[in-house]
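Notes to accompany the following structure.
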Amino acid sequence: MLKISNPADTSFNLLKLSVPNFPTPWHYHPEIELVLIQESTGKKYVGSSITDFAPGDLCMIGSYLPHYYKNDEEYLKPESTLMARSMVIHFNYDFLGPAFWDSPESTAIKSLLEKSKRGIQFGKETADLIYPKLLAVFELGGMPRLIKFLEILDDLAKSKNHDFLSTDAIQIRNEVDSDRIKKVLEHVSENFRNPIKLDDVAQLANMSESAFSRYFKKRTRKTFSNFLTDIRIEYACKLLQNDKLSISQIAFDSGFYNLSNFNRQFKSTKKITPLAYRMNYLD
């Protein structure tokens with residue numbers, strides 16, 4: 001678990017990163033995270049989702065939701081002169097007091113923070129609106145900074161231009177579990193396109209298959225098989241958002257080696273066929 005400390009003069013944490021590549025591996029923390037990418041490209045892993053990120057990418061990651069920003073290979077080369085830049089705000093759910101979000105005026109923001117448990121991806125229109133306000137938060141101090149941050153949360157709560165990142169909320173709260181789950185998530189994120197046996201990940205966790213199955217379901221509220229399917233389906237959704245690849249090729253590239261199984265699993269998860277999903281997105 002990543003530990004985040006607030007400066008003495010603010011109730012939430014402000015962080016600007018300007019590095020050759022984003023350094024933090026799979027991690028989670030009790031704070032809710034709002035992050036906007038200013039520079040660099042790569043893939044972000046949030047819960048059961050794997051999506052691309054580029055400048056202008058804006059998302060909110062809920063409390064204890066595992067996540068990881070991995071830059072493209074060219075950012076990882078020793079001779080690279082490229083830079084990865086982002087603006088990040090970390091804040092606790094109750095940073096304004098335990099009852100603040102219970103006020104009638106805060107209903108929409110309270111709902112937003114609840115939804116963030118699945119991770120929220122905001123579209124370009126919302127990111128363009130939020131960007132100058134985020135810059136202002138980093139420049140302001142005292143009450144003007146807090147008011148500007150609340151304005152950002154209100155804008156995000158009103159936005160219709162967003163999607164969920166993770167199929168379900170996945171929350172890891174136990175420090176002892178962190179290393180085990182991190183190893184499993186890293187293995188799955190690197191190998192989900194290939195066959196993954198339960199025994200493979202059980203060995204990573206240094207557990208028997210039956211013990212790992214019980215352990216994983218207790219910690220994530222889903223079976224490992226369902227989690228792996230979610231990862232593959234979410235990746236397939238990304239590929240379906242253009243018409244360059246056939247459905248069968250997308251199934252294969254997402255780790256499904258049987259087209260009928262892919263269609264069945266996709267419809268079970270998304271309540272729509274892959275072809276209909278593509279047509280709705282491109283319409």
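The values are calculated or read from the model by the stated rules, or taken from the named source; none is laboratory data. Predicted model only: the values in this text are computed from it and were never measured. Here Cβ is always computed from backbone atoms with ideal geometry, including for glycine, and neighbour counts include all displayed protein chains.
Assorted remarks:
- Picking from residues in the range 229-283 that are crowded, with 17+ Cβ neighbours inside 10 Å and among the small types (Gly, Ala, Ser), the one that is nearest to ASP163 (Cα to Cα) is ALA236.
- Test: residue in the range 53-66 that is in contact with a Ser or Thr (Cβ under 8 Å, 6 or more places away or on another chain), modelled with pLDDT of 95 or more, under 30 Å from PHE224 (Cβ atoms) and surrounded by 18 or more Cβ atoms within 10 Å (Cβ to Cβ): yes
- Counted residues, the range 15-43 - those being surrounded by 13 or more Cβ atoms within 10 Å (Cβ to Cβ) and either within 19 Å of ASP128 (Cα to Cα) or hydroxyl-bearing (Ser, Thr, Tyr) (or both): 10
- Residues of the range 218-226 include at least one that is more than 18 Å from GLY255 (Cβ to Cβ) and of a type in the set (Val, Ile, Thr).
- Members of the range 33-52 that are among the acidic types (Asp, Glu) and at pLDDT 90 or above: GLU33, GLU39
- Condition broken by LYS115, with the remaining ones in (1) without any contact (Cβ under 8 Å) to a residue 12 or more places away in the chain; (2) outside any loop (DSSP other than H, G, I, E, B); (3) of a type in the set (Lys, Arg) satisfied: (1)
- Against the criterion of being free of Cβ contacts under 8 Å to residues at least 40 places away in the same chain and more than 11 Å from the chain's Cα centre (by Cα), PRO98 qualifies.
- The condition (being modelled with pLDDT under 90, of a type in the set (S, T, N, Q), part of a loop (DSSP other than H, G, I, E, B) and assigned by TED's automatic domain parsing to the domain that holds TYR131) is satisfied by just one residue among THR81, THR24: THR24.
- Any chance LEU140 is modelled with pLDDT of 95 or more, of a type in the set (A, V, I, L, M) and over 17 Å from the mean Cα position of the chain (by Cα): no
- Count - residues of the range 225-264 that are over 16 Å from TYR277 (Cα atoms), modelled with pLDDT of 90 or more, in a helix (DSSP H, G or I) and of a type in the set (A, V, I, L, M, F, W, C): 2
- Looking across the range 168-204, the residues that are modelled with pLDDT of 80 or more and not in a helix (DSSP H, G or I) come down to PHE192, ARG193, ASN194, PRO195, ILE196, LYS197.
- Residue within the range 121-137 that is polar (S, T, N, Q) and outside any helix (DSSP H, G or I) present: yes
- Residues that are over 19 Å from PRO30 (Cβ atoms), of a type outside the set (Phe, Trp, Tyr) and touching a residue at least 24 places away in the same chain (Cβ under 8 Å) within the range 71-95 comprise ASN71, ASP72, LEU76, SER80, LEU82, MET83, ALA84, ARG85, SER86, MET87, listed in sequence order.
- Residue count for the range 205-223, restricted to those that are at pLDDT below 90, part of a helix (DSSP H, G or I) and surrounded by 17 or more Cβ atoms within 10 Å (Cβ to Cβ): 4
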